[in-house]
Amino acid sequence: MQPQTVPYLTEEEYLEFERNSEIKHEYFEGKIFATSGASEAHNLIVTNLIAILGLHLKKKPCRVYPSYMRLKIEKTRLYTYPDVMIVCGQDKFDDEHKDMLLNPDVIIEVLSDSTESYDRGKKFENYRKIGSLKEYVLISQNTPKIEKFVRAENYRWIFSATDENITDMPLESVGCMLNLDEVYDKVYES
């Protein structure tokens, strides 16, 4: 992800700019980064996730947010737009605008060729600093595969993944299941 050629911005300047922008930008260390559009597969996967999670969490004290909800990571000052976030319990927002979430329990990113290394590396490094985060889920848009990292004791993260024999991925922290066939519904139709 390449920064736009703009001068250093304070967090306040970024938020003023972002709230008036027609496109979304990440912010980190004084620089803004335009987010690119998403492929058909990416959009279908996110739509399926929102539908699946919304249905499973309907009677629970959890909310599902799509990529239009900004996330602020207080410890690192990264502002970003995860593909899907889930919060159970009380939402915490940064200010009265209620457009900057602080406390997701689950973050889901759909991997693209251009963002995969960032989502697995630097972005996950920042996400690990969120005290409320219990599960980080990565979903491939190129092949049916779900990977999950679960927070364990001593700041460790436990990895699991679907494969040809394991087609369900539980999200224990919110009490629901992601099934490969449901997540990838209509994604690979001709």
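Annotation note: Cβ proximity below 7 Å between a residue of region 32-54 that is free of Cβ contacts under 8 Å to residues at least 60 places away in the same chain and part of a helix (DSSP H, G or I) and a residue that is buried (at least 17 other Cβ atoms within 10 Å of the Cβ) and of a type outside the set (Phe, Trp, Tyr) (sequence gap 6+ or interchain) occurs for ILE50/VAL64; ILE50/VAL84; GLY54/VAL64.
Quick check on TYR81: is it touching a residue at least 12 places away in the same chain (Cβ under 8 Å), buried (at least 16 other Cβ atoms within 10 Å of the Cβ), closer than 24 Å to GLY30 by Cβ and among the hydroxyl-bearing types (Ser, Thr, Tyr)? When the stated conditions are applied, TYR81 passes them.
What do you reckon, is PHE159 in contact with a strand residue (DSSP E or B) (Cβ under 8 Å, 6 or more places away or on another chain), surrounded by fewer than 11 Cβ atoms within 10 Å (Cβ to Cβ) and closer than 28 Å to LEU55 by Cβ? For PHE159, the condition - in contact with a strand residue (DSSP E or B) (Cβ under 8 Å, 6 or more places away or on another chain), surrounded by fewer than 11 Cβ atoms within 10 Å (Cβ to Cβ) and closer than 28 Å to LEU55 by Cβ - is met. Kindly evaluate LYS31 against the criterion of being over 13 Å from the mean Cα position of the chain (by Cα), under 19 Å from GLU125 (Cα atoms) and surrounded by 14 or more Cβ atoms within 10 Å (Cβ to Cβ). Answer is yes for this residue. Could you check, for region 116-128, whether at least one of its residues is at pLDDT 95 or above, touching a strand residue (DSSP E or B) at 6+ places or on another chain (Cβ under 7 Å) and exposed (fewer than 11 other Cβ atoms within 10 Å of the Cβ)? Among the residues of region 116-128, not one is at pLDDT 95 or above, touching a strand residue (DSSP E or B) at 6+ places or on another chain (Cβ under 7 Å) and exposed (fewer than 11 other Cβ atoms within 10 Å of the Cβ), which makes the answer no. Residues in region 107-164 that are touching an Asp or Glu at 6+ places or on another chain (Cβ under 7 Å) and small (Gly, Ala, Ser): 2 in all.
Filtering PRO170, PRO104, PRO144 for residues that are surrounded by 12 or more Cβ atoms within 10 Å (Cβ to Cβ) and either under 16 Å from GLU26 (Cα atoms) or free of Cβ contacts under 8 Å to residues at least 24 places away in the same chain (or both) leaves a single hit, PRO170. The residues in region 55-67 that are in a loop (DSSP other than H, G, I, E, B) and under 16 Å from the mean Cα position of the chain (by Cα) can be counted, and the count is 1.
The values are calculated or read from the model by the stated rules, or taken from the named source; none is laboratory data. This is a predicted model, so every value here is computed, not measured. When we count neighbours, we look across all protein chains shown, and the Cβ atoms used for this are built from the backbone with ideal geometry, even at glycine.
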